[in-house]
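First up is the structure itself, then whatever we jot down about it.
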Amino acid sequence: MSKVLTLPGHPPGDGETLSDHIFKKIQAAIVKGEIAPGSKISEPELARQHGVSRGPLREALHRLEGQKLLVRVPHAGARVVSLSQQELSELYEIRESLEGMACRLAAERMPPAEIAELRGVLEAHERDAAFQAGLGYYQQEGDYDFHYRIVKGSGNQMLFRMLCDELYQLARMYRIQYSTTPNRPRQAYAEHHRILDAIADHDGELAEILMRRHIRASRINIEQQIAQSNLRRTEA
């Protein structure tokens, strides 16, 4: 493990190693699209940019590979993942099935206090400036993420590891980058409220159906955006 060090101007948090700090910074840049899908990762350039040695940086890059955000290309090094349309559709099919199940379990298992907290999460989403301006949906992760909280509320640890560890940041990457379609943020917010109402009513069957429809709508939205982008490139 790397030692706890301070990066000039951007110190790690309490108990955070330099590798942890660099990992989070690069992770955020990839997920938000600041480092574009398919971009080649230059270790010397990242080390120079962040003022770190290659050891902590390589630890961070290895962890990003584990999150499926980076892929190793033979004889070409690491690149930011860029899923094909088929791979992206498959990711959303997995989410639709597993998050639907998680939503049903959450409706059966979440106590009233957790349901109230989940409602508070949606209220925070509505107050977000970007959402109010119609520029996109609230994008904080972990306990501020509606989907994350539902999977956590399912009480199924295997589901949690699959959806909130192995695939979480990869799914967030595409959720964020395709969340700015006109009208989609408001539609997604309304769908979230209907899902929450079903959970609050402990109607597991309805909650699962609504979550599956919600994720399917997101997949269709992404596929339409990709098709439009491909058409524009063809016409150019």
Options Met211, Met158: the member that is closer than 19 Å to Ser97 by Cα, among the aliphatic types (A, V, I, L, M), open to solvent by 20 Å² or more (accessible area, probe 1.4 Å) and modelled with pLDDT of 85 or more: Met158
Ala102 being of a type outside the set (Lys, Arg), surrounded by 13 or more Cβ atoms within 10 Å (Cβ to Cβ) and part of a strand (DSSP E or B): no
The stretch 118-140, residues that are modelled with pLDDT under 75, open to solvent by 50 Å² or more (accessible area, probe 1.4 Å) and not in a loop (DSSP other than H, G, I, E, B): Ala129, Gln132
Matching option when the condition is open to solvent by 20 Å² or more (accessible area, probe 1.4 Å) and assigned to a helix (DSSP H, G or I), among Ile226, Ile222, Ile195, Ile150: Ile226
Residues of the stretch 35-81 satisfying the condition of being more than 23 Å from Glu166 (Cβ to Cβ) and open to solvent by 50 Å² or more (accessible area, probe 1.4 Å): Lys40, Ser42, Pro44, Glu45, Arg48, Gln49, Gly51, Ser53, Arg54, Pro74, His75
Of the criteria (1) over 17 Å from the mean Cα position of the chain (by Cα); (2) among the charged types (D, E, K, R); (3) modelled with pLDDT of 90 or more, which one Glu223 fails: (3)
Arg172 being under 18 Å from Lys24 (Cα atoms), charged (D, E, K, R) and surrounded by 15 or more Cβ atoms within 10 Å (Cβ to Cβ): yes
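The values are calculated or read from the model by the stated rules, or taken from the named source; none is laboratory data. This is a predicted model, so every value here is computed, not measured. Cβ: placed from backbone, ideal geometry, glycine included. Neighbour counts: every protein chain shown. Ligands, DNA and RNA are stripped out before the accessible areas are found, and what is left, the full protein with its side chains, is counted by its heavy atoms. Shrake-Rupley method; radii C 1.70, N 1.55, O 1.52, S 1.80 Å.
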